[in-house]
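One structure below.
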Amino acid sequence: MKLITTFLAGALCVGTFAQEVKRCYTHEAMLHQEELTPGYLQSVDEVFYRAKEIGTQDRATVYTIPVVVHIVYKTPEENLADSIIFNQIEELNRAFRRLNADTVNMRLDFAPIVGDSYIQFELATTDPDGNPTNGITRTLTTHDSFLGVGGSPAEGVKSTAEEGIDPWNQADYLNIWVCNMTFLGSPFILGYATPPNNLSHWPPGSSDNLSDGVVIEYEVFGANNPNTIDMGSGPMDILGRTCVHEVGHYLGLRHIWGDGDCTAEDGIDDTPNADDQSNFDCDTTKNTCLDAIGTLGDLPDMVENYMDYSAETCQNSFTIGQADMMRSILENERYELINGTPALSVQENKVYDFGMYPNPSNGEVKLSAIPQEVELISVFSETGQVVYRKAVNSSDVMISGLSKGLYIVQLSGVNGTTNEKLIVL
């Protein structure tokens, strides 16, 4: 059962050398991002609490996320074959739908709290310009490693100007960059991701901080990857679960142990406390914190969880609480991923009748007579960026601070959605 401290800025999964192996520079990443964009930590926490408070509206509908995989390479080994990319997408789908065969290894202690997230992934079939695509880009670079290129930790891979490749519209696609992030030829960073933070001054594609998406070291992408990686104690077993872990961060999940001791926790009610992460192991004997998970009581450390640092061979599940958090993020902060960009793709409709005055507005508008069935109000800019989002607890809502432009005001509830245009002069 988890309380919140602060969330990771981008979960940097790191390997150092030999006997001391760390997968995550969480604290350093948070401080770095906070220095670049003051208020970042508070904003990420606010998003997490809001997503948890709103909760998921639906546990059964399957949400499909379009993915673009950017292969950025110098050597033939780094230029991974399509078959490896297809395999990684399959591994994501097996993990998030809990269809992987090794779920049979889950200890019975955890059987009541694990489940299907009803989230799946597919390579994009249409690019941002509307052209057919296989969802894969390939970029040749002169960089031996992207570690430190274009900013910490490897942000240059997300920039064409840095010999990487610019992202596709980050509101509409999950961008995954695959590249070399070694240090002096040895494994260093395995992957990192950006959770949603909803900063109004951090639009998709910002270049002055961590740009939205996932970055993966090329040797650990795909379960059928022919490359090997040695963290100091022999080749690792690679099952494509580094990418599963990082996509979990991208969808709002924190490390299961809360990046600290028994008092620093991950915010999910059904994940057991732990005072340290696993270290590439599958130690099922550990129970490092006293905790109470509903009627199940105190449970051991959950090395089977994808958000631990256990070996990929024992990771096999998300908890129901983690699934609900990810679905809530998709229904709110990452709405466009599963619905498209409203300002570009939806017409005005009238599932719900309500008042909106004045329209045109000077930046302040009142929504009135909101039906009880409405659960969420969202305002999207003309480019599809969420500029306002709030759970509905009143029939009247004031929205202010909107700059000049065209907006879509969307009311969502059990009966569907209503979209109406708002003009701010």
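The values are calculated or read from the model by the stated rules, or taken from the named source; none is laboratory data. Just so you know, these numbers come straight off a predicted model, no measurement behind them. Virtual Cβ from ideal backbone geometry, glycine too; neighbours counted across all protein chains shown. With ligands, DNA and RNA removed, areas are computed over all heavy atoms of the protein, side chains included. Shrake-Rupley method; radii C 1.70, N 1.55, O 1.52, S 1.80 Å.
Converting phi to 3J(HN,Hα) with the Karplus coefficients 6.51, -1.76 and 1.60 and the offset θ = phi - 60°, the stretch 285-294 yields 8, 7, 9, 8, 9, 7, 8, 10, 9, x Hz in sequence order, with x at every glycine or proline. Shape of the stretch 176-306 from the C-alpha gyration tensor: oblate (a/c of 1.5 or more and a/b not above b/c, with a ≥ b ≥ c the square roots of its eigenvalues).
When nucleic acids and ligands are ignored and a 1.4 Å probe is applied, Phe318 ends up with an accessible area of around 0 Å². Computed over the Cα atoms, what is the radius of gyration of the stretch 291-425 divided by 2.2 N^0.38 Å, N being its residue count? Cα-based Rg divided by the globular estimate yields 1.39. The residues of the stretch 125-274 expose on average 34 square angstrom of accessible surface per residue, using a 1.4 Å probe on protein heavy atoms. Determine which aspartates and glutamates satisfy two conditions relative to Lys158: a Cα distance under 18 Å, and not lying fewer than 8 residues away in the same chain. By straight Cα distance, Lys158 reaches Glu78, Asp127, Asp144, Asp166, Asp172, Asp208, Asp212, Glu217, Glu246. Placing unit charges on the Cβ atoms of the charged side chains and taking the dipole of the stretch 282-425 about its Cα centre, the candidate lying farthest along the positive direction among Ile293, Met356, Val409 is Met356.
For the stretch 107-117, putting each phi into the Karplus relation 6.51 cos²θ - 1.76 cosθ + 1.60 with θ = phi - 60° gives couplings of 5, 4, 3, 9, 3, x, 10, 9, x, 6, 7 Hz, in residue order, rounded to whole numbers and with x for Gly and Pro. Taking amide hydrogens as placed 1.01 Å from N in the peptide plane, the amide H of Ile293 sits under 5 Å from those of Asp298, Leu299, each at least 5 positions away in sequence or on another chain. Largest first, the three principal axis extents of the alpha carbons in the stretch 90-220 are 50, 40, 32 Å in whole numbers. Applying the Karplus relation 6.51 cos²θ - 1.76 cosθ + 1.60 with θ = phi - 60° to the stretch 144-159 yields 3J(HN,Hα) values of 5, 8, 8, 4, x, 6, x, x, 6, x, 8, 5, x, 5, 8, 9 Hz, where x marks Gly and Pro.
Gain on full extension, evaluated as 0.36 nm per residue between Lys366 and Lys350 minus their Cα-Cα distance, stands at 4.0 nm. Rounded to the nearest 20 debye, the dipole magnitude of the stretch 252-392 is 920 debye, with +1 charges on Lys and Arg beta carbons, -1 on Asp and Glu beta carbons, and the Cα centre as origin.
Between Tyr388 and Val379, the built amide H atoms are under 5 Å apart, and every one of these is 5 or more places off in sequence or on another chain.
Amide H to amide H, with H built 1.01 Å from N, Asn305 comes under 5 Å of Asn316, counting only residues 5 or more places away or on other chains. Give the separation of the Cα centroids, the stretch 262-280 to the stretch 61-116, in Å. Measuring centre to centre over Cα atoms gives 23 Å.
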